[in-house]
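**Student:** Would you mind keeping the following structure in view while I ask a few things?
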Amino acid sequence: MRRAVQNCDKGKEATCAKAAKDDLKKDLDVDEKEIAMIKRQTAPMMAADEIAECEDAINGDKTEIDTVNKDCEALGKDLFMATGSTAEAWEKRWKARVLKLAKARFAGEDSDVKVNTKQVDTVFEADAVAGKCDDDMVEQARNDVGNAAKKGDKDGKGETVVKFKGVDSATKKCSVVFATKVSEGKHKEAAASINKATEVGKKKKTGRMLRNLEDDAEGSVSSSPTAEEVPAGSSAESTDFSKGGLTTNDGGDATKGGLDIVTIACVSAAALVVVGSIVGVAAMRKGWCRSNNDTMNNSAGVGIELSDDPFEGRGRTNSVNPMHPELGVEAASMGKNPMLK
């Protein structure tokens, strides 16, 4: 799936974003709380497509490339960061994997979208402290996410590890991506339970004491089953859960606060949805496909349209993330990825 453009007048971005969210929830059965994580899961796919398209414009007479043009790489990185991911996440976690996928996409090779039915990803965002992620808050959030997952996965241990953490230079917020191990087939239930959690990352106190305002800091969470697009025959990113044990245990109930008399809730503002990075994932949950050149419009008049495909005739297709358990891990059974219609 290539970048889709949201036709929205300047100054009306918030209205357009709300309309897009409403359509996703109503028509495509997407939980609003999942959107932030889905954006980050699709970021590497979108970046790889952007790089492959750029390389195609430069090296149209070639069938494969060994290295990636720096300007093309920069375009992919910009799109990656536009979904809310950080430059640090690009350099330390995703750059090498995205460039490998982009080369395969340029060559017209098959790719698989692997959906892990034993793991969920969660992005946690909170205000940075002195320009850094507060270690105590991150550790509290890790335990809160793991305990919340156990509500949807009764047989699971909620083992949760930090996949990446860093500060978003644009929002100045601490952004942490957690991975949680779940029982086979409980990925959707666990993600749904995490999305219901409140006061994640908030210091927990017992006893009847007035809460210190500094202890009221909390963050937002967004969780979705783990998914990644990789060149055919390649493995998705692995996760080591050996250090994922929970150090606090509230019986899996991370949706309740402490016993304080005064509770001050801090609600984080939602960022503008990068619609292009979401629609491909959400649409495939319904199991429908269509060609590159069709257009989908939502009821609020926010047009989502895929432009003519420059890869047409060269055996290349655009990436989508099925995020649908019935599709298993093989998303390209006919030699091409399913297309967003």
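The values are calculated or read from the model by the stated rules, or taken from the named source; none is laboratory data. On a predicted model such as this, the values are computed, not experimentally measured, just so you know. Because the Cβ atoms are built from the backbone with ideal geometry, glycine has one as well, and the counts that use them run over all protein chains shown.
**Student:** Output the residues belonging to the range 146-174 that are in contact with a Ser or Thr (Cβ under 6 Å, 6 or more places away or on another chain) and under 19 Å from Asp134 (Cβ atoms).
**Tutor:** Of everything in the range 146-174, those that are in contact with a Ser or Thr (Cβ under 6 Å, 6 or more places away or on another chain) and under 19 Å from Asp134 (Cβ atoms) turn out to be Gly146, Thr160, Gly166, Asp168.
**Student:** Would it be correct to say that Val167 is at pLDDT 95 or above and touching a strand residue (DSSP E or B) at 6+ places or on another chain (Cβ under 9 Å)?
**Tutor:** No: the conditions fail for Val167.
**Student:** Right, something else. Confirm whether Ala130 is modelled with pLDDT of 95 or more, surrounded by fewer than 17 Cβ atoms within 10 Å (Cβ to Cβ) and either farther than 23 Å from Ser224 by Cβ or touching a helix residue (DSSP H, G or I) at 6+ places or on another chain (Cβ under 9 Å) (or both).
**Tutor:** Criteria not met by Ala130.
**Student:** A further question on this structure: Which ones in the range 135-147 are more than 12 Å from Thr248 (Cα to Cα) and buried (at least 18 other Cβ atoms within 10 Å of the Cβ)?
**Tutor:** Met137, Val138
Each row is one residue, and each column tells you yes or no for (1) over 15 Å from Ala43 (Cα atoms); (2) outside any helix (DSSP H, G or I).
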{"site": "Gly60", "(1), (2)": "yes, yes"}
{"site": "Val68", "(1), (2)": "yes, yes"}
{"site": "Cys72", "(1), (2)": "yes, no"}
{"site": "Lys77", "(1), (2)": "no, no"}
{"site": "Arg97", "(1), (2)": "no, no"}
{"site": "Leu101", "(1), (2)": "no, no"}
{"site": "Gly108", "(1), (2)": "yes, yes"}
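For every residue, the table says whether it meets (1) over 16 Å from the mean Cα position of the chain (by Cα); (2) assigned by TED's automatic domain parsing to the domain that holds Lys188; (3) more than 30 Å from Glu53 (Cβ to Cβ).
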site: Ala96; (1), (2), (3): yes, no, no
site: Asp144; (1), (2), (3): yes, yes, yes
site: Gly158; (1), (2), (3): yes, yes, yes
site: Phe164; (1), (2), (3): no, yes, no
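**Student:** Considering only residues that are buried (at least 23 other Cβ atoms within 10 Å of the Cβ) and in contact with a Phe, Trp or Tyr (Cβ under 8 Å, 6 or more places away or on another chain), look in the range 64-85 and name the one that is farthest from Ser193 (Cα to Cα).
**Tutor:** Out of the qualifying residues, it is Phe80.
**Student:** Given the criteria of a type in the set (Lys, Arg), out of contact with any Phe, Trp or Tyr (no Cβ under 7 Å at 6 or more places or on another chain) and over 30 Å from Asp134 (Cα atoms), does Arg97 qualify?
**Tutor:** Here the answer is no, as Arg97 does not meet what is asked.
**Student:** Kindly provide the set of residues from the range 176-193 that are crowded, with 24+ Cβ neighbours inside 10 Å and part of a loop (DSSP other than H, G, I, E, B), ordered by number.
**Tutor:** Val182
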